[in-house]
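Visitor: Just passing along the structure, written as structure tokens.
No value in this document is a laboratory result; all are computed from the given coordinates. Predicted, not measured: the structure shown is a model, and the values here were computed from it. Positions of Cβ are generated from backbone atoms using ideal geometry, with glycine treated the same way; all protein chains shown enter the neighbour counts.
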Amino acid sequence: MIFLEKPEDFNKKGDIVGCYIEHDGAFLVLRRHAHKSNGGCWGLPAGKAEPGEAILEAIEREIREETGLSIPKEELTYFASVPVRHGTIDFDYHMFSVPFNERPDIAINVHEHKDYAWVTPKQALQLPLVEDQDECVRRFYAL
């Protein structure tokens, strides 16, 4: 569950980062393997920040690990952070974006994802998305 404001009982356990990699009105989504949490669902290149790792370093690392793209921190734009509660785990979800003039070649990490696609925001909302990704897409694209 995404909150507009942090609840009083919010007990942050860490930071999660995700990035809208954009090209020509679409953005990149990755499909998770069935045996993973949110199995079979689509989501952004995303993941946990390691202890002591800055969120910019974390998103740069996650993008590289999950897509094969090396994007310098200076090219990433920070959008917002939202407080999230999944079950009993509270964390801040930090959203970034990066535009591409030409569609980049993607090399997914086959251990984490089984497919990728370029979708418009409205197309994304028709997909089975990882938990709360629909709300994040709506916020990011003001839908």
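Visitor: Determine the percent antiparallel among the DSSP beta bridges restricted to the range 12-140, to the nearest 5. Mind showing how you got there, number by number?
Guide: Numbers: 22 of 32 bridges.
For the range 12-140, the DSSP antiparallel bridge percentage is about 70.
Visitor: Given Cβ point charges of +1 (Lys, Arg) and -1 (Asp, Glu) and nothing else, what value in debye, to the nearest 20, does the dipole of the range 12-140 about its Cα centre take? Mind showing how you got there, number by number?
Guide: Details: 15 positive and 22 negative charges, 89 e Å.
For this selection, approximately 420 debye.
Visitor: Follow-up. Go through 29, 68, 95 and say which Cα lies farthest out towards the positive end of the charge dipole of the chain; charges sit on Cβ, +1 for Lys and Arg, -1 for Asp and Glu.
Guide: After comparing all options, I get 29.
Visitor: Another question, then. As a test of the formula, what do you get for the chain when each DSSP H run with n ≥ 4 contributes -39,500 (n - 2.57) and the sum is divided by the residue count, at 222 nm and rounded to the nearest 500 deg cm²/dmol? Intermediate values should be presented prior to the final figure.
Guide: Numbers: 3 runs with 25 residues, N = 143.
Only helices count here, giving -5000 deg cm²/dmol.
Visitor: Which entry in (1) 1.27; (2) 1.54; (3) 0.99 is this structure's computed Cα Rg over 2.2 N^0.38 Å?
Guide: (3)
Visitor: Among the chymotrypsin sites (Phe, Trp or Tyr not before Pro) in the range 1-75, which ones are in a DSSP loop with at most 12 other Cβ atoms within 10 Å of the Cβ? Mind listing them? The partial results should precede the final answer.
Guide: On the way: sites: 3, 10, 20, 27, 42; in loops: 3, 10.
Loop-located and lightly packed - 3.
Visitor: So what's the angle, to the nearest 10 degrees on a 0 to 90 scale, between helix 55-67 and the longest Cα principal axis of the chain?
Guide: Here the helix axis deviates by roughly 40 degrees.
Visitor: For the range 76-143, run through the GluC sites (Glu not before Pro) and keep only the ones in DSSP coil with at most 13 other Cβ atoms within 10 Å of their Cβ. Before the final figure, lay out each step's value.
Guide: Working: sites: 102, 112, 131, 135; in loops: 102, 112, 131.
Taking the range 76-143 and a limit of 13 other Cβ atoms within 10 Å, the loop GluC sites (Glu not before Pro) found are 102.
Visitor: For the range 14-56, just say rounded, prolate or oblate: build the C-alpha gyration tensor, square-root its eigenvalues into a ≥ b ≥ c, call rounded for a/c under 1.5, and beyond that prolate if a/b exceeds b/c, oblate if not.
Guide: Numbers: a/c = 4.06, a/b = 1.17, b/c = 3.49.
Taking the square roots of the gyration eigenvalues as a ≥ b ≥ c, the range 14-56 is oblate.
Visitor: Continuing with this model, one more query. Over the chain, what relative contact order in percent results from Cα pairs under 8 Å that are six or more residues apart? All intermediate terms of the calculation are to be shown ahead of the outcome.
Guide: Numbers: 265 pairs, mean separation 48.2, N = 143.
Over the chain, the number comes to 34 percent.
Visitor: Here is a follow-up. Quick one: go through the range 22-42 and flag any residue whose amide nitrogen is under 14 Å from the point 7 Å out along the Cα-to-Cβ line of residue 141.
Guide: Within reach of a label on residue 141: 22-30.
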